[in-house]
Structures are given as C-alpha cells and as structure tokens.
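K.L.:
Questions regarding the structure given below will be posed in turn.
The values are calculated or read from the model by the stated rules, or taken from the named source; none is laboratory data. Keep in mind the model is a prediction, meaning the values are calculated, not measured. Note that each Cβ is placed from the backbone with ideal geometry, even for glycine, and that neighbours are counted across all protein chains shown. Protein only, heavy atoms only, side chains kept; ligands, DNA and RNA dropped before computing areas. Shrake-Rupley method; radii C 1.70, N 1.55, O 1.52, S 1.80 Å.
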Amino acid sequence: MWLLVAREPRPDAPSWPGRRVFAAVDAGIWPLLWVLVFRHAPEPVGLVGPFVAAMAVLCLVGRLHRAVWVNHRYRFTTWRWGKGLGALLLMGAVLKLAVQA
C-alpha cells in the first residue's frame, strides 16, 4: 500500500534591501568552491573534474536564476551550512575546555 503525504509549501522568504545581491553572491560562491576543491585535488581526478565543473555551472545557473528573479524562494546556503558548522565548532570548543579542566 502506498502512503502519500502532501506537505505544505515553505512560506516565502522575508524580503529586505540588498537581499538579491547577497543571494546572487551566495548562489555563485558555492558552485565555484566545488570547482576550486576539485581543481586543487592532491590526486588526479580524471573525468570527474570536468564533470563536476559542468554540473557546478548548471547548478550556478539555476541558483542564480532563483536568487535574482525568484528571490522569495531562495534560501541562503551559507546560513544553512554555517549553523551546522558553528554548532560543531562550539562542541569542539566545549570539549577542548572539558579536557583541559
């Protein structure tokens, strides 16, 4: 038996001055960082490097379109990953303090 669950769509993101510019920068930085990571790999990546670059360009175009023209639907990637990274850094700092004490 199949069970279908229809979720409510996410509400529109709040609008504020400069959001389009920050969203466009955020949309461009992440795919370019993936290309940069694969370009500076310590081992040869073969065909994976050009494939990652092509996929990053496709993602960049889609993300840039959403960031500039459909801005109310764009969610900041830096904020999403930054929260998790910040939590890990905080846990590491607490563990470091606990070990030193």
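K.L.:
Residue by residue through the range 36-42, what is 3J(HN,Hα) from phi via Karplus (6.51 cos²θ - 1.76 cosθ + 1.60, θ = phi - 60°)? Round to whole Hz and write x for glycine and proline.
P.N.:
4, 4, 6, 6, 9, 5, x
K.L.:
Tell me the Rg and the Dmax, in Å, that the Cα atoms of the chain produce.
P.N.:
Looking at the chain, its Cα Rg and Dmax stand at 18.8, 56 Å.
K.L.:
Chymotrypsin sites (Phe, Trp or Tyr not before Pro) within the range 7-81: which are DSSP loop residues with at most 14 other Cβ atoms inside 10 Å?
P.N.:
Working: sites: F22, W34, F38, F51, W69, Y74, F76, W79, W81; in loops: W69, Y74, F76.
Here the sparse-neighbourhood loop sites are W69.
K.L.:
Take the Cα atoms of the range 48-101, find their three principal axes, and give me the spread along each one in whole Å, biggest first.
P.N.:
Ordered largest first, the range 48-101 gives principal extents of 51, 34, 9 Å.
K.L.:
Explain nothing, just the number: dipole magnitude of the range 25-90 about its Cα centre with +1 on each Lys and Arg Cβ and -1 on each Asp and Glu Cβ, in debye rounded to the nearest 20.
P.N.:
320 debye
K.L.:
Additional query: Which net charge results when you count Lys and Arg as +1 and Asp and Glu as -1 among the other residues whose beta-carbon is under 13 Å from that of W79?
P.N.:
Neighbour charge sum, excluding W79 itself: +3.
K.L.:
Return the calculated 222 nm mean residue ellipticity for the chain, to the nearest 500 deg cm²/dmol, obtained by summing -39500 (n - 2.57) across DSSP H runs with n ≥ 4 and dividing by the residue count.
P.N.:
-23000 deg cm²/dmol
K.L.:
Summarise the accessible area of the chain (1.4 Å probe, protein heavy atoms) by the percent that is carbon and sulfur.
P.N.:
Working: 6430 of 8710 Å².
Using a 1.4 Å probe with all protein chains present, the chain comes out at 74 percent carbon and sulfur.
K.L.:
Could you report the chain's accessible area per residue, 1.4 Å probe, as an integer in Å²?
P.N.:
It amounts to 86 Å² per residue over the chain.
K.L.:
Among A6, P50, V25, pick out the residue whose Cα is farthest towards the positive end of the charge dipole of the chain, where Lys and Arg carry +1 and Asp and Glu carry -1 on C-beta, about the Cα centre.
P.N.:
Of the candidates, A6 comes out farthest on the positive side.
K.L.:
Follow-up question, since we're still on this one. How high is the relative contact order of the chain? Use alpha-carbon pairs under 8 Å, at least six apart in sequence, and give a whole percent.
P.N.:
Details: 57 pairs, mean separation 36.5, N = 101.
Reported relative contact order: 36 percent.
K.L.:
Can you figure out the FRET efficiency of C59 with M1, using R₀ = 41 Å and their beta-carbon distance, to the nearest 0.05?
P.N.:
0.65
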